[in-house]
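What follows is a set of notes on a single structure, which appears directly below.
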Amino acid sequence: MKIGVFDSGLGGLAIARAIMVRLPEYDYLYLGDTKRVPYGNRSQATIHQFVGEALDYLFNQDCQLIILACNTASAEALRHSQQHYLPAKFPDRRVLGVLIPAVEAAVQVGNADRVGVIATASTIESGSYPRELDRLSPGVEIYSQATPLLVPLVENDGLKYARVILEDYLAPLREAKIDSLILGCTHYCLLKDLVREMIDCPVISQDEVVPEKLAQYLDRHSEIESKLGKTGDRSYRVTDLPPGYVDFVRRLSGEELNLELVRI
Ligand code: DGL
């Protein structure tokens with residue numbers, strides 16, 4: 001069986017590729033819902049519906065474990081998927097998100113009392129980051145900032161405009177004297193170097209933390225790990241092939257990938 005990696009679009013490729021580098025032996029199926037991206041400004045009901053359809057697709061394609069690489073999907077639908085969807089439909093499969101690994105990394109940094117997070121409007125609106133942080137490390141203060149201009153900027157090769165926009169978004173976080181900053185969105189992995197130049201605290205980028213957390217999870221859960229195929233097979237599927245995707249995929253994953261168009 002495979003490890004599925006789901007994202008609302010192509011941004012999750014940055015996390016998927018980092019996972020594949022850390023854990024190359026497993027078989028992977030990436031699904032990007034490029035037809036309906038972005039999720040980041042949609043309602044919770046719509047995100048639940050889209051994530052449910054993606055999970056149905058990936059589980060029916062023989063995935064044992066699915067990583068919701070999309071922060072918006074993790075924030076809005078992970079809990080629901082684990083508590084309601086899986087028990088009803090696929091009780092022996094698993095869904096994991098990317099918020100908890102990021103939160104764990106953020107609080108492990110020195111004596112982090114003040115954690116900042118930047119993410120899409122839906123992720124911030126969901127309150128999931130403060131909830132997870134409070135669960136893990138009660139008393140730590142969280143400073144959240146919705147940064148809706150960043151996804152379109154990254155998608156449209158607009159990194160040269162990022163500094164001025166980030167300057168604005170990071171100002172309140174700098175003022176709050178945060179001790180660490182979570183980049184709470186797939187696409188922000190591409191901005192990590194710039195953000196690190198611009199803010200004077202450790203910056204948590206999910207491509208750097210999720211692979212190790214997944215490796216630890218698989219070590220702890222031999223009942224899941226033993227079911228995974230280990231032929232190094234990879235497939236990349238999308239629900240639409242938008243113009244410019246070849247360039248974007250190269251920027252995200254560092255190589256050209258064969259994307260297969262599917263209906264979910
Ligand atoms: N993948 C989304 C996330 O990580 C960003 C793109 C979107 O808004 O769908 O939040």
- State which residue is most open to solvent (accessible area, probe 1.4 Å) when the search covers only region 128-163 and only residues that are hydrophobic (A, V, I, L, M, F, W, C) and closer than 30 Å to Tyr245 by Cβ. Leu149
- Query: Which one of the conditions (1) open to solvent by 80 Å² or more (accessible area, probe 1.4 Å); (2) outside any loop (DSSP other than H, G, I, E, B) does Lys177 fail to meet, given that it meets all the rest?
  - Reply: (2)
- Message: Cβ-Cβ under 6 Å, sequence separation 6+ or interchain: first residue in region 141-153 and touching a residue at least 60 places away in the same chain (Cβ under 8 Å), partner in a helix (DSSP H, G or I). Which pairs?
- Response: Pro148/Ala121; Val151/His187
- Task: Please enumerate the residues belonging to region 196-228 that are outside any loop (DSSP other than H, G, I, E, B), without any contact (Cβ under 8 Å) to a residue 40 or more places away in the chain and out of contact with any Lys or Arg (no Cβ under 6 Å at 6 or more places or on another chain).
- Result: Arg196, Glu197, Met198, Gln216, Asp219, Arg220, Ser222, Glu223, Glu225
- For region 44-86, which residues satisfy the criterion of being among the polar types (S, T, N, Q), over 15 Å from the mean Cα position of the chain (by Cα) and closer than 21 Å to Lys213 by Cβ? Gln64, Ser81, Gln82, Gln83
- Out of all the residues in region 212-254, which are farther than 20 Å from Ile67 by Cβ and either open to solvent by 80 Å² or more (accessible area, probe 1.4 Å) or at pLDDT below 95 (or both)? Leu241, Pro242, Pro243, Gly244, Tyr245, Val246, Asp247, Phe248, Arg250, Arg251
- Cross-chain or 6+ apart pairs with Cβ under 8 Å, region 95-110 first and part of a helix (DSSP H, G or I), then basic (Lys, Arg): Ile100/Lys213; Pro101/Lys213; Glu104/Lys213
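Can you tell me which of Leu218, Leu191 is within 15 Å of the chain's Cα centre (by Cα) and not basic (Lys, Arg)?
Leu191 is the lone residue from the list that is within 15 Å of the chain's Cα centre (by Cα) and not basic (Lys, Arg).
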- Query: Does Leu55 qualify as being at pLDDT 95 or above, farther than 23 Å from Tyr188 by Cβ and buried (at least 20 other Cβ atoms within 10 Å of the Cβ)?
  - Reply: yes
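Residue by residue, here is whether (1) more than 11 Å from the ligand (Cβ to nearest atom); (2) in a helix (DSSP H, G or I); (3) not basic (Lys, Arg) holds:
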position	(1), (2), (3)
Val5	yes, no, yes
Gly9	no, no, yes
His48	yes, yes, yes
Tyr57	yes, yes, yes
Gln64	yes, no, yes
- Query: Taking Ile182, is it of a type outside the set (Gly, Ala, Ser), assigned to a loop (DSSP other than H, G, I, E, B) and surrounded by 19 or more Cβ atoms within 10 Å (Cβ to Cβ)?
  - Reply: no
- Message: Looking at Leu166 and the list (1) at pLDDT below 95; (2) buried (at least 19 other Cβ atoms within 10 Å of the Cβ), which single condition is not satisfied?
- Response: (1)
- Task: Hey, could you check region 24-39 for residues that are within 14 Å of the ligand (Cβ to nearest atom) and open to solvent by 10 Å² or more (accessible area, probe 1.4 Å) and say which is nearest to Ser235 (Cα to Cα)?
- Result: Thr34
- Note on the structure: Condition set within 16 Å of the ligand (Cβ to nearest atom) and in a helix (DSSP H, G or I), scope region 11-23, selection surrounded by the most Cβ atoms within 10 Å (Cβ to Cβ): answer is Ala16
- When (1) away from the ligand (no atom under 16 Å from the Cβ); (2) over 20 Å from Asp33 (Cβ atoms); (3) buried (at least 24 other Cβ atoms within 10 Å of the Cβ) are applied to Val103, the one that fails is (1)
- Message: Checking the conditions here, which among Ile199, Ile124, Ile142 is within 16 Å of the ligand (Cβ to nearest atom) and hydrophobic (A, V, I, L, M, F, W, C)?
- Response: Ile124
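The values are calculated or read from the model by the stated rules, or taken from the named source; none is laboratory data. Here the structure is a predicted model, which is why all the values come from computation and not from measurement. Reconstructed Cβ throughout: ideal geometry from the backbone, glycine too, with neighbour counts over all protein chains shown. What goes into the accessible areas is simple: the full protein's heavy atoms, side chains included, and nothing from ligands, DNA or RNA. Shrake-Rupley method; radii C 1.70, N 1.55, O 1.52, S 1.80 Å.
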